Structure formats: C-alpha cells, structure tokens
1. Students often check this: by mean Cβ neighbours within 10 Å, which of 50-59, 71-80 ranks highest, and how do the rest follow?
2. Could you tell me how far the Cα centroid of the range 74-110 sits from the Cα centroid of the range 1-58, in Å?
3. Under 17 Å Cα to Cα from K20, which aspartates and glutamates show up? Leave out anything in the same chain fewer than 8 places away.
4. Report the convex hull volume per residue for the range 41-110, counting only C-alpha atoms, in Å³.
5. Considering only DSSP beta bridges whose two residues both sit in the chain, what percent are antiparallel, to the nearest 5?
6. Suppose we keep just the alpha-carbon trace of the range 1-75; what are its Rg and Dmax in angstrom?
7. Which ³J(HN,Hα) values in Hz, rounded to whole numbers, follow from the phi angles of the range 60-77 under the Karplus curve 6.51 cos²θ - 1.76 cosθ + 1.60, where θ = phi - 60° and Gly and Pro get x?
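Values quoted throughout were computed directly from the atomic coordinates according to the rules given, and no laboratory measurement underlies them. Computed from a predicted model, the values in this text were never measured in an experiment. We place every Cβ from the backbone using ideal geometry, glycine too, and count neighbours over all the protein chains shown.
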Amino acid sequence: MTNSEVRKTRARARIRRFSKRTKLTVFRSGKHIYAQIIEPKTGKILASASDLKIENKEKSLVKAEQVGQDIAQKALKLGVKEVVFDRGSYKYHGRVKALCEGARKAKLVI
C-alpha cells in the first residue's frame, strides 16, 4: 500500500467509528478546494461550498478558510452542529487544515 492509501484507510476507519454523525468531506485539486456536508444514512449531499465563487486574489490558504466558514454557516442553517471530518487521502496540512480551522471558527464542532 502507498502512503496515500494508508492515510485514506486510517481516516475512513475513524469515520466508521462515528458513523452516526454527518460527514464533512473535502476534495482538493491543484487550483481549487471543495467541501460537502453528507448525510450518513442516505449519502445525500446537504450542502456544498467551493472557492470557485470567491473573487479575491488572496492566497489559497485564505480561500480555503473562507470555504470552511461558508460550509459551516450552511450546515448550521440546516441544523447540523456536529460533523466528522473526512479528509480522504490528504494530509491534515495546508489548505485542508485551513478549511477545517475555518469551519471551527464558524462554530461547527468537528
């Protein structure tokens, strides 16, 4: 197994322990970052956010934090207060960490 597969397996094992919580999933591309709130039972996407609509010429870390705050506000409007963070095969570092910290600043419990 490669390092990314090991990270992904470890992260998904934690998610299975908290399987009753709603999931905050992150996808990161070379230029952009996306976040989704997914219901655990049905797999339905409740809310999503990305940095595609952010017009600022800011650094990617600042945009990721704004995406985290945006997804947290959408989740709180839906009544979701606690989520489990699904980072997939990404390290908890850089843009992924900034997104998570932005969601925490907006009062989402991770």
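1. Going from most to least packed, we get 71-80, 50-59.
2. The distance from the Cα centre of the range 1-58 to that of the range 74-110 comes to 9 Å.
3. Excluding near neighbours in sequence, the set is E39, E82, D86.
4. Given the Cα convex hull of the range 41-110, per-residue volume reads 98 Å³.
5. Working: 11 of 16 bridges.
So the antiparallel bridges amount to about 70 percent of the total.
6. Using the Cα atoms of the range 1-75, the pair Rg, Dmax is 14.0, 39 Å.
7. 5, 5, 5, 5, 4, 5, 5, 5, x, 5, 5, 5, 5, 5, 5, 5, 5, 5
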